[in-house]
Amino acid sequence: MLIVYGIVNCSTVKKARAWLAEHGHSYEFHDFKKHGVPPDQLALWVQAVGWEKLLNRQGTTWRKLDPAAQAAITDAASAQALMRAQPSVIKRPVVQWDQGVTVGFDVTAWAARL
């Protein structure tokens, strides 16, 4: 089963969910705000795509962190701790496919997977 992880109000997540619906693909949605970040999944995502790709340094949540907090993110462990504490810092959507994980919404890549 396809699982889309993200935040309901995120514009990229909205686009991704709309695209899946338009193309007739069913999925389960996991809202970080309501259900938190699954710790076991977070570790798998970091292993699959790397913490650097998963950490959204372009988003508002990251930019609102003070410089010392940003500088403290130096490895997978520190990044995961931040992502658990502030799920909005995770690049979205994170999608668990039958084979693998992707981060972000890329129409071409998604169409090739499906």
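The values are calculated or read from the model by the stated rules, or taken from the named source; none is laboratory data. This is a predicted model, so every value here is computed, not measured. Glycine gets a Cβ as well: all are built from the backbone with ideal geometry, and neighbour counts include every protein chain shown.
Details
- All conditions but one from (1) of a type in the set (A, V, I, L, M, F, W, C); (2) in contact with a Lys or Arg (Cβ under 9 Å, 6 or more places away or on another chain); (3) outside any helix (DSSP H, G or I) apply to residue 1; the one that does not is (2).
- Any chance residue 31 is in contact (Cβ under 8 Å) with a residue 12 or more places away in the chain and within 15 Å of the chain's Cα centre (by Cα): yes
- If the condition is being assigned to a helix (DSSP H, G or I) and in contact with a Cys (Cβ under 9 Å, 6 or more places away or on another chain), then the range 76-114 contributes only 88.
- Number of positions in the range 16-28 that are farther than 15 Å from residue 102 by Cα, of a type in the set (A, V, I, L, M, F, W, C) and in contact (Cβ under 8 Å) with a residue 40 or more places away in the chain: 1
- Pairs are defined by a Cβ separation below 9 Å, a sequence spacing of at least 6 or placement on different chains, a first member in the range 4-15 that is over 13 Å from residue 95 (Cβ atoms), and a second member that is among the acidic types (Asp, Glu) and surrounded by fewer than 20 Cβ atoms within 10 Å (Cβ to Cβ); the pairs so defined are 7/31; 8/31.
- The one condition in (1) part of a helix (DSSP H, G or I); (2) more than 14 Å from residue 10 (Cα to Cα); (3) without any contact (Cβ under 8 Å) to a residue 40 or more places away in the chain that residue 73 fails to fulfil: (1)
- Some residue of the range 19-38 being at pLDDT 95 or above, under 16 Å from residue 2 (Cβ atoms), in a helix (DSSP H, G or I) and in contact with a helix residue (DSSP H, G or I) (Cβ under 7 Å, 6 or more places away or on another chain): yes
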